[in-house]
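Visitor: Dumping the structure here so I can ask a few things about it.
The values are calculated or read from the model by the stated rules, or taken from the named source; none is laboratory data. Computed from a predicted structure; not experimentally measured. Using ideal geometry, Cβ is built from the backbone for each residue, glycine included, and neighbour counts are taken over all protein chains shown.
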Amino acid sequence: MSLLAINTPLVRRILVGFLRDEIWKVGASKAVLGLSGGIDSALVCHLAAEALGPQNVYAICMPYKSSNPESEAHARLVAEASGVHFSVIQITPMVDAYFEQFPDADPMRRGNKMARERMTILFDHSALLGGLVLGTSNKTELLLGYGTLYGDMASALNPIGDLYKTQVWQLSEEVGVPRPVIEKQPSADLWAGQTDEQELGFSYREVDQLLFKMVDQRATPQELAAAGFSPEFVSTVYSKVQNSHFKRRLPVIAKLSNRTIDRDFRYSRDWGK
Amino acid sequence: MRDLTAALVQIKPKLGRVADNLVLIRQQVTLAIEQGADLAVLPELALTGYFLKDLVPEVALPLESPELAALQELSRRISIVVGFVEVTPDFQFYNSAVWLEDGQLKHLHRKVYLPTYGLFDEQRYLGRGDRFRAFDTKFGRVGLLVCEDMWHLSAPYLLAMDGATSLVCLSSSPGRGVEEGELGAAVAWRNLTTAMARFLTCRVLYVNRVGFEDGVSFWGGSHAVAPSGQIIAAAPEFEESLCLVRLAAGDLRRERISSPLLRDENFCVTQRELERIHRERSS
């Protein structure tokens, strides 16, 4: 824990500044985000409300028929606590219409489709409201690839992508995320009773310690073993990070010219801003 | 040498918008003049922003550009230090800083140490400067450093040995390190500037920018260090600011009398040992 302890008032200040600066400089003043009822989107919602004023933040809860009803209740709680606009858009009709054609689809395909359905709704509301879509993936999920490419991983800006889940918990206390949301078990909520930690096979607290040492401190396998991590755990996590790397990159472009986008045509995204 | 009031001009340049940044710089420098400053120090790459990448050739200015001429003209009223991308007649590009005074370009420094590791990629896009030279100003002898230059012990040392009594460091330092306690980058920089001031009995003026580029914050926190190593003025972190600080010539005199470190510095030993190390390393 101590390794991952952060100065929460400082991080809050930087992230609020990040949201203001990066949104205002493109001429926007509003933000749109999906509010799942979980802690990550709750934290982003609170940060956005502080940065832009709650009247400029549009939180949308997008349940599917199998989502736990408690999730919507928690999303509502977060919207009330942060004062942002709140709406509920059911994705069941769109998702079910699609899977009528593919009734044998497995839970992974169904979960990905739901995540991408939500993404299209958020980006549609981005156009409707003139606000930027905020990402809510944390560093743990991004490193493990525990997210849907072009689904929940899609956004314009992500304030919490450099915070491990353990740090998300700390910062959520600081910004006043409602207690039930901080204390509940993390879940992708694809079906009732699902929990992230069950699905991943390890706890966030364990894996955050490992990822921090592996990624941030570049510890060697020998150092990780000496720190008490089993070689199997280290190798599972290393493989997850490696095999999900494609999700963290833009699509690969076949090089032909002398200036290929992102290889030798390099500009910051904030070009001219 | 005389007393002076320095303005640490902590701004938020726009990435690649030279015309907009020039307007901002002129506004801030004019404000510094109105507030009685004798010297205005702006951050590294104040005219262009930092993560330029392939924008480097598009935003680069020759020394005789109208943009620099405008600031040179303004320097009849106040001495100005500013960072920009310089292009030479043979199309070399440098991360440069100039000291403008009395309508003249007094000194040009090209950043020598271009960080190319971690989040930095300067040497991919920019040429390396090849000298550290102190120079005379209305306010005594000065040495200019651009950001990473300060992290190489030899750079401030050489400038102090060349007679500089004030070290002016222009910076675009990213905010990182959010463990418990103060911002890691800020702690590291303050340790560095205060140690350099103390070791070299020099004033240090450190000016860092603020704002964000592609999610990277620049933490500001510009400050002035007395030759004793005491921070005597500091701008806030993360916010735009015009921070004025009075620097008394007497403080420098007093410090150099009470801590005559530079008087006792054995230049010959240093030079002889460096030559020996160089000889042994190259053989």
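Visitor: Among the residues of segment A:6-22, what is the count of those that are among the aliphatic types (A, V, I, L, M) and at the interface with chain B (Cβ under 7 Å from one of its Cβ atoms)?
Guide: At the first step, the residues of segment A:6-22 found to be among the aliphatic types (A, V, I, L, M) are A:6, A:10-11, A:14-16, A:19.
Narrowing the set further to residues that are at the interface with chain B (Cβ under 7 Å from one of its Cβ atoms) leaves A:6, A:10-11, A:14.
The qualifying residues number 4.
Visitor: Quick check on A:Thr195: is it under 18 Å from A:His74 (Cα atoms) and either free of Cβ contacts under 8 Å to residues at least 40 places away in the same chain or surrounded by fewer than 18 Cβ atoms within 10 Å (Cβ to Cβ) (or both)? Explain how you work it out, then say what you get.
Guide: Details: under 18 Å from A:His74 (Cα atoms): yes; either free of Cβ contacts under 8 Å to residues at least 40 places away in the same chain or surrounded by fewer than 18 Cβ atoms within 10 Å (Cβ to Cβ) (or both): yes.
The answer is yes for A:Thr195.
Visitor: Quick check on A:Ser29: is it away from every other protein chain (no Cβ under 14 Å), under 30 Å from B:Asp20 (Cβ atoms) and either surrounded by fewer than 23 Cβ atoms within 10 Å (Cβ to Cβ) or of a type in the set (Phe, Trp, Tyr) (or both)?
Guide: Details: away from every other protein chain (no Cβ under 14 Å): yes; under 30 Å from B:Asp20 (Cβ atoms): yes; either surrounded by fewer than 23 Cβ atoms within 10 Å (Cβ to Cβ) or of a type in the set (Phe, Trp, Tyr) (or both): yes.
It is true that A:Ser29 is away from every other protein chain (no Cβ under 14 Å), under 30 Å from B:Asp20 (Cβ atoms) and either surrounded by fewer than 23 Cβ atoms within 10 Å (Cβ to Cβ) or of a type in the set (Phe, Trp, Tyr) (or both).
Visitor: Of these, A:Phe265, A:Phe233, A:Phe212, which one is within 14 Å of chain B (Cβ to nearest Cβ) and touching a residue at least 24 places away in the same chain (Cβ under 8 Å)? Break it down stepwise before answering.
Guide: On the way: A:Phe265 fails: touching a residue at least 24 places away in the same chain (Cβ under 8 Å); A:Phe233 fails: within 14 Å of chain B (Cβ to nearest Cβ).
The match here is A:Phe212.
Visitor: With the structure loaded, tell me whether B:Leu170 is in a helix (DSSP H, G or I), buried (at least 24 other Cβ atoms within 10 Å of the Cβ) and either at pLDDT 95 or above or at positive phi (or both) or whether it fails that test.
Guide: On the way: in a helix (DSSP H, G or I): no; buried (at least 24 other Cβ atoms within 10 Å of the Cβ): yes; either at pLDDT 95 or above or at positive phi (or both): yes.
It is false that B:Leu170 is in a helix (DSSP H, G or I), buried (at least 24 other Cβ atoms within 10 Å of the Cβ) and either at pLDDT 95 or above or at positive phi (or both).
Visitor: Okay, next question. Being within 14 Å of chain A (Cβ to nearest Cβ) and either at pLDDT below 95 or in contact with a Gly (Cβ under 8 Å, 6 or more places away or on another chain) (or both): is that true of B:Glu58 here? Give the derivation first.
Guide: Details: within 14 Å of chain A (Cβ to nearest Cβ): yes; either at pLDDT below 95 or in contact with a Gly (Cβ under 8 Å, 6 or more places away or on another chain) (or both): yes.
It is true that B:Glu58 is within 14 Å of chain A (Cβ to nearest Cβ) and either at pLDDT below 95 or in contact with a Gly (Cβ under 8 Å, 6 or more places away or on another chain) (or both).
Visitor: Could I ask something else about it? Could you identify the single residue in B:Gly163, B:Gly181, B:Gly177, B:Gly143 that is among the small types (Gly, Ala, Ser) and part of a strand (DSSP E or B)?
Guide: B:Gly143
Visitor: Further question: Given the options B:Leu52, B:Leu15, B:Leu42, B:Leu8, name the one that is buried (at least 20 other Cβ atoms within 10 Å of the Cβ), farther than 21 Å from A:Lys25 by Cα and touching a Gly at 6+ places or on another chain (Cβ under 7 Å).
Guide: Details: B:Leu52 fails: farther than 21 Å from A:Lys25 by Cα; B:Leu15 fails: farther than 21 Å from A:Lys25 by Cα; B:Leu8 fails: touching a Gly at 6+ places or on another chain (Cβ under 7 Å).
Checking each option against the conditions leaves just B:Leu42.
Visitor: Of (1) more than 16 Å from the chain's Cα centre (by Cα); (2) aliphatic (A, V, I, L, M); (3) assigned to a helix (DSSP H, G or I), A:Leu171 satisfies all except one. Which?
Guide: Going through (1) more than 16 Å from the chain's Cα centre (by Cα); (2) aliphatic (A, V, I, L, M); (3) assigned to a helix (DSSP H, G or I) one by one, A:Leu171 breaks only (1).
Visitor: Which residue out of B:Tyr125, B:Tyr117 is surrounded by fewer than 16 Cβ atoms within 10 Å (Cβ to Cβ) and either over 24 Å from B:Arg76 (Cα atoms) or not small (Gly, Ala, Ser) (or both)? Reasoning before the result, please.
Guide: Values: B:Tyr125 fails: surrounded by fewer than 16 Cβ atoms within 10 Å (Cβ to Cβ).
Exactly one residue qualifies, and that residue is B:Tyr117.
Visitor: Is there a residue being of a type outside the set (Ser, Thr, Tyr) and within 11 Å of chain A (Cβ to nearest Cβ) anywhere in segment B:186-197?
Guide: So the first thing to find is which residues in segment B:186-197 are of a type outside the set (Ser, Thr, Tyr), and the list is B:186-192, B:195-197.
After this cut, where a residue has to be within 11 Å of chain A (Cβ to nearest Cβ) as well, the list is B:186.
The answer is yes, given that some residue of segment B:186-197 is of a type outside the set (Ser, Thr, Tyr) and within 11 Å of chain A (Cβ to nearest Cβ).
Visitor: I want to confirm something. Restricting to segment B:202-230 and keeping residues that are surrounded by fewer than 23 Cβ atoms within 10 Å (Cβ to Cβ) and away from chain A (no Cβ under 14 Å), which single residue is farthest from B:Leu242 (Cα to Cα)?
Guide: If we take residues in segment B:202-230 being surrounded by fewer than 23 Cβ atoms within 10 Å (Cβ to Cβ) and away from chain A (no Cβ under 14 Å), then B:Ser228 is farthest from B:Leu242 (Cα to Cα).
Visitor: Here's something else I'd like to know. Kindly evaluate B:Asp130 against the criterion of being out of contact with any helix residue (DSSP H, G or I) (no Cβ under 9 Å at 6 or more places or on another chain), away from chain A (no Cβ under 14 Å), surrounded by fewer than 24 Cβ atoms within 10 Å (Cβ to Cβ) and without any contact (Cβ under 8 Å) to a residue 24 or more places away in the chain.
Guide: It is true that B:Asp130 is out of contact with any helix residue (DSSP H, G or I) (no Cβ under 9 Å at 6 or more places or on another chain), away from chain A (no Cβ under 14 Å), surrounded by fewer than 24 Cβ atoms within 10 Å (Cβ to Cβ) and without any contact (Cβ under 8 Å) to a residue 24 or more places away in the chain.
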